[in-house]
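To keep things clear, I will list the structure first and then write my remarks on it.
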C-alpha cells in the first residue's frame, strides 16, 4: 500500500463505550497522551483524569463525566498515533454522537480546549435533561431503518417515542419515555422485530426529551470559533459530508435531539468519498463492528491499546 496520497477515514466512538482505565496504556507509554490528560484537567479545573484512570465506574458513567472523558481519551490516543505515525493524516473524519466533537478536532476545525468546553457543557446539559425526564432507549434487531421509522410513525406516540440511532443494517436504536419504549417493544415484536433489547443508559438520548439540553447548548456552539479545513467532515444529522460552517454548527446543535445516521454516513464515505482504510481511535471496537455489518470494502483498524499500533505499523509497511 503506497503511503503517498493514502485516503484514511478517522472514526471516533460515542458515549457508552467508556470504561475505567481507557487510554491508560497510552498515558503510561507516550508523553503526548499524559500531557493531553493534564491539559484537560487544567482546562476543566477538576481531576477528570482521575475519574478516567481510577473510576469508580458509576461516577465515570454519569453523562456529565463520560462525555468529556471519552473525548479526552480519544484525543490522547489520536495524538499518540499521530506522534508515532506522522505520515498518517485523515482525508475524512466522523464520530458517533459525542464522537463528532472528537472528529471536529481531528479535522483541524476547532481547538482542543474549545471542543472540550463544548463537550463538558453538552454532558452537563444532557445530564440535567436526563434528571428532568424519565427516559430510556432500546435496540431493535432485525428491522431496516425504513421499517423502524415507519413503525415509529404508525404507533404515533409523538411525545414518547423517537428513532434515535441508525447504526448498521438490522440494528436501530429507539429512544423515549418508559411508556413509549414499553409500548414500542410489544408493537415492534408483533410486526417482525427479532428482538427489542433495553439499553442501560441514563436517559433518552437523540430524542425530543433532550430539547432542553439542545436549547441550552445552542448559544455556545454558535459562539464557537470554527476553522476552515480541507479534510472532509461527515455528520450524524445529515449522514453526508458537510463543509459550510453554519451548517456544521446547526447539525452539532440538532444532533442532541435528532437521530444519528451513522450507517448512512459510513455509506457516504464508502461510496461517495472513497477511502483506503478506516482508523477507529478510542475505547472499544464498536465502529469496526458496525463497518463489518454495513459491509465496507475497505479495512477497519481499531486503536484501543498500545499493542494495536503494531497492526497499523504492519499495514503502513505494505
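Below is a table of values for the structure above.
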| read-out | value |
| --- | --- |
| Failed item, numbered, when residue 97 is tested on (1) more than 30 Å from residue 198 (Cα to Cα); (2) surrounded by 16 or more Cβ atoms within 10 Å (Cβ to Cβ); (3) in contact with a strand residue (DSSP E or B) (Cβ under 9 Å, 6 or more places away or on another chain) | (1) |
| Whichever residue in the range 182-205 is buried (at least 20 other Cβ atoms within 10 Å of the Cβ) and over 15 Å from residue 151 (Cα atoms) and, among such residues, is modelled with the lowest pLDDT | 202 |
| Residue in the range 202-209 that is in a helix (DSSP H, G or I) and in contact with a strand residue (DSSP E or B) (Cβ under 9 Å, 6 or more places away or on another chain) present | yes |
| Scan of the range 259-276 for residues that are over 27 Å from residue 138 (Cα atoms), free of Cβ contacts under 8 Å to residues at least 60 places away in the same chain and touching a helix residue (DSSP H, G or I) at 6+ places or on another chain (Cβ under 9 Å), ordered by number | 270 |
| Filter result for residue 97 (on the phi > 0 side of the Ramachandran plot and under 15 Å from the mean Cα position of the chain (by Cα)) | yes |
| Selection count where residues are assigned to a helix (DSSP H, G or I) and either touching a helix residue (DSSP H, G or I) at 6+ places or on another chain (Cβ under 6 Å) or surrounded by fewer than 19 Cβ atoms within 10 Å (Cβ to Cβ) (or both), scope the range 55-65 | 7 |
| Hey, residue 77 assigned by TED's automatic domain parsing to the domain that holds residue 248, touching a strand residue (DSSP E or B) at 6+ places or on another chain (Cβ under 7 Å) and in a loop (DSSP other than H, G, I, E, B) or not | no |
| Search result, residues across the range 243-266 that are surrounded by 18 or more Cβ atoms within 10 Å (Cβ to Cβ) and closer than 13 Å to residue 92 by Cα | 265, 266 |
| Options 9, 33, 17: the member that is buried (at least 16 other Cβ atoms within 10 Å of the Cβ) and either more than 21 Å from the chain's Cα centre (by Cα) or under 18 Å from residue 307 (Cα atoms) (or both) | 33 |
| Single match in 186, 196 (criterion: over 30 Å from residue 89 (Cβ atoms) and assigned to a helix (DSSP H, G or I)) | 186 |
| Given (1) under 24 Å from residue 231 (Cβ atoms); (2) free of Cβ contacts under 8 Å to residues at least 40 places away in the same chain; (3) in a helix (DSSP H, G or I), index of the condition residue 36 fails | (2) |
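The values are calculated or read from the model by the stated rules, or taken from the named source; none is laboratory data. Computed from a prediction, not measured in an experiment: that's the story for all the values here. In this analysis, Cβ positions are derived from the backbone assuming ideal geometry, glycine residues included, and neighbour counts consider all displayed protein chains.
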